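Novice: Sharing a structure with you now.
Read-outs: derived from the displayed coordinates by stated rules, not from any lab. All values derive from a computational prediction rather than experimental measurement. Because the Cβ atoms are built from the backbone with ideal geometry, glycine has one as well, and the counts that use them run over all protein chains shown.
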Amino acid sequence: MTGFGKTDIGMKRKVNQDSMFCSNDPVGRLPNLYIVADGMGGHNAGDYASRCAIDTMRDFIEGCDQDNPITVLKYAIITANRQVLKDAKNKAELRGMGTTVVCCVIKDGRLFVANMGDSRLYRIGANDIEQVTLDHSLVEELIRSGQIERDRISTHPEKNIITRAVGAQENVVPDFFEIELKESDRVLLCSDGLYNMVEDDEILDIVNEGHDIETTVDKLIKRANYYGGKDNIGIVLIGE
């Protein structure tokens, strides 16, 4: 499988705080590595946080002697969290910054995933789309507790409040997932700038139109901007 990634500033924001990393080649002892991060913070702090997290994760993984994807991703996120906190402490203009992170590795036909925040990973088949990750957000917690229905997410006034992020606190607890991939599956990592603008069913249709992955990524970004592009858009798409 081959991945391609891209970010876009969208139609409303002045700064692009989304970052991505896409390597189809080995990184350290991992066979590949894909990351999307959506930064938070005033001025350029969100942009800095997302790039800092990805760069720190990449550097850690390149020097890591472990080959278990979940173990490596776990400690890469922990290391990134420490670095983001350290930089925020040392530079006044970066204080309060943080970033979501969703990342994955494909090894021996299996998908290994880690996430912090509300950036998502989807498995997309020929006829179905499955959100693999769970959002670390206030509205998701309200849904799980039965306080609101899922169809109210798009209009909820606190839909942008996330409950976990890299750089938010000293101790981070990522979620991890492992699934088996079918030969026809594609994997989509994205920030909320895509899924808040484009419904899952429409994402499924665009991904399955039969274009190459570069064209498909461009079409997803264009569709999010067509619907208003209210946020930055970060995407990595992996497939044949």
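Novice: Please arrange I235, I161 by counting, for each residue, the other beta carbons lying within 10 Å of its beta carbon, fewest first.
Specialist: Numbers: I235 25, I161 12.
With the fewest neighbours first, I235, I161 line up as I161, I235.
Novice: In whole Å, largest first, what are the principal axis extents of the Cα atoms in region 2-239?
Specialist: Sorted largest first, the three principal extents are 47, 42, 36 Å.
Novice: Residues with amide H under 5 Å of S137's amide H, sequence separation 5 or more or different chain, H placed in the peptide plane at 1.01 Å from N; which?
Specialist: So S137 has HN proximity to T163.
Novice: Between Y75, Y34, Y48, find the one with the highest GNM mean-square fluctuation for the chain; connect C-alpha pairs within less than 10 Å.
Specialist: Judging by the Gaussian network model, the answer is Y75.
Novice: Further question on the same structure: Placing unit charges on C-beta atoms (Lys and Arg positive, Asp and Glu negative, everything else neutral), compute the dipole magnitude of region 49-101 about its Cα centre in debye, rounded to 20.
Specialist: So the magnitude is around 340 debye.
Novice: Please state the shape class of region 1-87: rounded when a/c is under 1.5, otherwise prolate if a/b exceeds b/c and oblate if not, all from the C-alpha gyration tensor. If you can, show how the numbers build up before the last one.
Specialist: Values: a/c = 3.28, a/b = 1.46, b/c = 2.24.
Here region 1-87 falls in the oblate category.
Novice: Hey, got the dipole for the chain? About the Cα centre, +1 on K and R Cβ, -1 on D and E Cβ, debye to the nearest 20?
Specialist: Computed about the Cα centre, the dipole is about 940 debye.
Novice: Let me ask another. N127 to V173: extension gain in nm, 0.36 nm per residue of separation minus the Cα-Cα distance?
Specialist: Computed gain between N127 and V173 is 13.3 nm.
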